[in-house]
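Asks: One structure follows; several queries about it will come next.
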Amino acid sequence: MKKWIMAGAIAVMGVSIFFGYKHLNAQELRPDADYHNYSLSEIESLATVIVEADWEEETNSIVKLDQKDKYPLETRTFSNIKVKKVYKGEVKEGQELNVVEYYAKWRDVAGAYVKYPNELYQPLKSDKNYLLFLYQSPEEPSGSYEIIGNHQGKYVYPETQSNMSIQSTSDLDIAEKDEHYSALYNEVSEKYFK
């Protein structure tokens, strides 16, 4: 009898550890996305607003799941940013803007998940200063802006001018090395970070 109780306790502990781990450590879903590689001039012309900004806070997240497979059909997170400098657009320094990022976090019975729009995107963070190329979409709520080309419209300001030549994925604030994005970052830094 004691053996059955012990085996049952071990089984319950094993299941608890498995589900506890899956809920504490979010599983990342990063699809290999097929997206257009923009040039800097394309990004600038598409942008309704180009700003230097800081991330303030996440305000809302939307996750629409397929009812059969429980796979996300749509993920969006809305965040507030605070404008520090305006390069283009009808916004003012100090103004807060609502930005749409195409990622979201959620939990279900099986675990915790984060879905990103592609293999490179990293969400905006509070400890970084960004140059953002934003587009005001008529499909989004009034006053909301999308980052153009997901990661291609988001650039982290270097902490010092000497760091501009350092381009690790951490410096660029992307998840994987990408030659096109590195080249864009160099163009952006020459034009906007000097």
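No value in this document is a laboratory result; all are computed from the given coordinates. Quick caveat: nothing in here was measured; it's all calculated off a predicted structure. We place every Cβ from the backbone using ideal geometry, glycine too, and count neighbours over all the protein chains shown.
Asks: Three principal axis extents, largest first, for the C-alpha atoms of region 61-125, in Å?
Replies: 45, 21, 16
Asks: Let me ask you something else. What full-extension length gain, to one decimal in nm, is calculated for E42 and Y192 as 0.36 nm per residue of separation minus the Cα-Cα distance? Intermediate results must be reported in sequence, preceding the final value.
Replies: Details: separation 150, 0.36 × 150 = 54.00 nm, distance 1.57 nm.
Result for the pair: 52.4 nm of gain on full extension.
Asks: Along the Cα→Cβ direction, 7 angstrom out, place labels at N98 and K70. What is the inter-label distance in nm?
Replies: Rounded to a tenth, the inter-label distance reads 3.0 nm.
Asks: Let me make sure I get this right: for region 61-192, a, b and c are the square roots of the gyration tensor eigenvalues over alpha carbons, sorted descending. Under 1.5 in a/c it's rounded, otherwise prolate if a/b > b/c, else oblate. Which is it?
Replies: Numbers: a/c = 2.26, a/b = 1.40, b/c = 1.62.
It comes out oblate by the Cα gyration axes.
Asks: Report the full-extension gain for the segment S126 to I5: residue separation times 0.36 nm, less the Cα-Cα distance, to one decimal in nm.
Replies: Numbers: separation 121, 0.36 × 121 = 43.56 nm, distance 4.92 nm.
Stretched fully, the S126-I5 segment lengthens by 38.6 nm.
Asks: Assuming R0 = 22 Å, what is the FRET efficiency of E58 and K84, from their Cβ-Cβ distance, to the nearest 0.05? List each step's numbers first, then the result.
Replies: Details: r = 19 Å, r/R0 = 0.87.
Rounded to the nearest 0.05, the efficiency is 0.70.
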